[in-house]
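Computed from the coordinates by the stated procedures, all read-outs in this text should not be read as laboratory data. This one's a predicted model, so the numbers in the text were calculated from it and none came from an experiment.
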Amino acid sequence: MSTPDPTTNATTDQPMDSPSSGGGEPKAAAFSMGDWVRITARLTYLKTADPMPMLRPPDLVDGDEVGQVMGLRAISQLAVRFRRGTFLLDADQLSACTPEGLLRG
């Protein structure tokens, strides 16, 4: 009689998620300093990356404008420099692109 392997699911024999990949932990950073990005989601406001942040209207950044990641902040927040300022954005609101604005696949 064999003992079940604790790292696989007994009903499907598929590897189980490791304990360190729990749902509440932050994901690995998809972007790094200096990456070029563009906004993919429609925003209701922009939060400045100043020491005392302020909320600004979303029309300060055009939909096709390209920004550069200037800093990695808490959890999945990035400080992104656009033409009219540096703003804090969630990583899921951004997509990687080239400096010319072409999306990277």
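Through the Karplus equation 6.51 cos²θ - 1.76 cosθ + 1.60, θ set to phi - 60°, convert the phi angles of the stretch 60-69 into ³J(HN,Hα) values in whole Hz; use x for Gly and Pro.
In residue order, the calculated couplings are 6, 10, 5, x, 9, 6, 9, x, 10, 5 Hz.
Given the stretch 29-96, report the % of alpha carbon pairs whose separation exceeds 13 Å.
Of all Cα-Cα distances in the stretch 29-96, 58 percent exceed 13 Å.
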